[in-house]
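The values are calculated or read from the model by the stated rules, or taken from the named source; none is laboratory data. Keep in mind it's a predicted model, so treat the numbers as computed, not measured. Reconstructed Cβ throughout: ideal geometry from the backbone, glycine too, with neighbour counts over all protein chains shown.
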Amino acid sequence: MTGKEISMRSDIMNSEVSAQHLIMLLEANPGLPIILFWDRAPWHRGKPIDKVLKDNPRIEIIYFPPASPDLNPQEHVWKAVRKEVSHNHLEPHLPELADRFEKKLNSRTFKSSFLDLYGYTAVRPMFI
């Protein structure tokens, strides 16, 4: 809703790491219901995810259809940050480049028309 990113850096991607990210989302939004739109990456499913969802019914996950990056508003964020940080860069070390990428994600907002496109602004007054 705000365009703010909540990023978490990890050397690996698996369901345990994704479950930790869900917990970060819960902590960043105490008491609020969370609808999370996720792609179908293998690390977005599994027992650790199931446990977090069972223990936290205020999170609902809606999965995008397979092979549909055009529906995922997060894709415009990746594109914008890659353009600002990793295109034509002079950074020879990947960890430093990753630091710059994460800093950019966490230091700005990213506007998306995704919620407006699907009628969120029309129903939002019900949730205030």
Inspect the range 6-14 for any residue being at pLDDT below 85, charged (D, E, K, R) and either in a strand (DSSP E or B) or touching a Ser or Thr at 6+ places or on another chain (Cβ under 6 Å) (or both) and give the result as yes or no. no
Failed condition for residue 95, given (1) assigned to a helix (DSSP H, G or I); (2) modelled with pLDDT under 80, with all others met? (2)
Is it the case that some residue within the range 69-76 is of a type in the set (A, V, I, L, M) and either touching a residue at least 24 places away in the same chain (Cβ under 8 Å) or closer than 23 Å to residue 12 by Cα (or both)? no
For the range 50-71, give me each residue that is surrounded by 13 or more Cβ atoms within 10 Å (Cβ to Cβ), out of contact with any Leu (no Cβ under 9 Å at 6 or more places or on another chain) and outside any helix (DSSP H, G or I). 63
So which residues in the range 5-63 are under 17 Å from residue 75 (Cα atoms) and of a type in the set (Lys, Arg), if there are any at all? 40
Within the range 98-125, tally of residues that are within 21 Å of residue 37 (Cβ to Cβ) and either at pLDDT 80 or above or assigned to a helix (DSSP H, G or I) (or both): 11
